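See below for the structure under consideration.
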Amino acid sequence: ILINDTPFRIGGGKTSVSKSAFQQATDSAMMMRKGVPFIPGSTLKGFMRSLTESMIKARGGKVVYPYDDKVDNGKTGEESKKPDDVVSQLFGSQSNASAVEVMDAMPVDSPTVHTRTMVTIDRVFNGQYPSNLFSLDMVDVGNKFKFTAILWGIQLSEDCKGNDEKGQIIGQVIETMKSGFQIGGRKSAGLGLMRLTEVKCTKFGLSDLEV
């Protein structure tokens, strides 16, 4: 379960660049499905990938840009084009299927939303920019969203501790999400602080499948 500790918004941006656009609530708080706010799985997976890249770089490891077609992995032939870094193996690339699938996080209950009126700051005079008053819709603090991810070929225990390199990395990502992370817009203003709670991992194998 994801719980937001600060208001947050994941919108599609303004529909116009005119001055009148700043006087309208043109930025929706969330992507909507049948009028209900939710957190796109792509947003959550993007955060998880970025965090993993930062962790690998901090260790001095290799990170390959997912659309880089000039990969030097020391191999020849078709295999030479496939990134072999752990980030690509976990989250995919042009030639690697992703081992991590993240579902859209749907609300547990009906989310509450509020509208906040804001101003635009003039970067030159450090004051309010005239006629640029605007409103943003935001999801209130304390709403709950169900988080679900499918991890292919990644070894995790029931308490989500890793049993191999990939599992350990995903386990660290989960621990970070439990401590708190930010998604959505206006993170520099303190929005989008989330926590992952009630975490449980369930292992499935061939013996669980009905043929």
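Details
- Index of the failed condition, Q168 passing every other in (1) open to solvent by 30 Å² or more (accessible area, probe 1.4 Å); (2) touching a residue at least 24 places away in the same chain (Cβ under 8 Å): (2)
- Verdict on A25 being modelled with pLDDT under 85, of a type in the set (A, V, I, L, M), in contact with a Ser or Thr (Cβ under 6 Å, 6 or more places away or on another chain) and surrounded by 13 or more Cβ atoms within 10 Å (Cβ to Cβ): yes
- Within the range 127-148, residues that are free of Cβ contacts under 8 Å to residues at least 12 places away in the same chain reach partners that are in a strand (DSSP E or B) and open to solvent by less than 40 Å² (accessible area, probe 1.4 Å) with beta carbons closer than 8 Å, at six or more positions or on different chains, in the pairs Q128/T120; Q128/D122; Y129/T120; Y129/D122.
- Selected residue [open to solvent by 40 Å² or more (accessible area, probe 1.4 Å) and modelled with pLDDT of 95 or more] from D109, D104, D69: D104
- Residues of the range 28-53 classified as open to solvent by 30 Å² or more (accessible area, probe 1.4 Å), at pLDDT below 90 and not hydroxyl-bearing (S, T, Y), total: 6
- Every pair of residues 6+ apart whose Cβ atoms lie under 6 Å, when the first sits in the range 177-200 and is in contact (Cβ under 8 Å) with a residue 24 or more places away in the chain and closer than 17 Å to E158 by Cα while the second is assigned to a loop (DSSP other than H, G, I, E, B) and open to solvent by less than 30 Å² (accessible area, probe 1.4 Å): V199/C160
- Residue within the range 134-148 that is more than 22 Å from M32 (Cβ to Cβ) and modelled with pLDDT of 75 or more present: no
The values are calculated or read from the model by the stated rules, or taken from the named source; none is laboratory data. Please read all numbers here as calculations on a predicted model, not as lab measurements. Cβ: placed from backbone, ideal geometry, glycine included. Neighbour counts: every protein chain shown. With ligands, DNA and RNA removed, areas are computed over all heavy atoms of the protein, side chains included. Shrake-Rupley method; radii C 1.70, N 1.55, O 1.52, S 1.80 Å.
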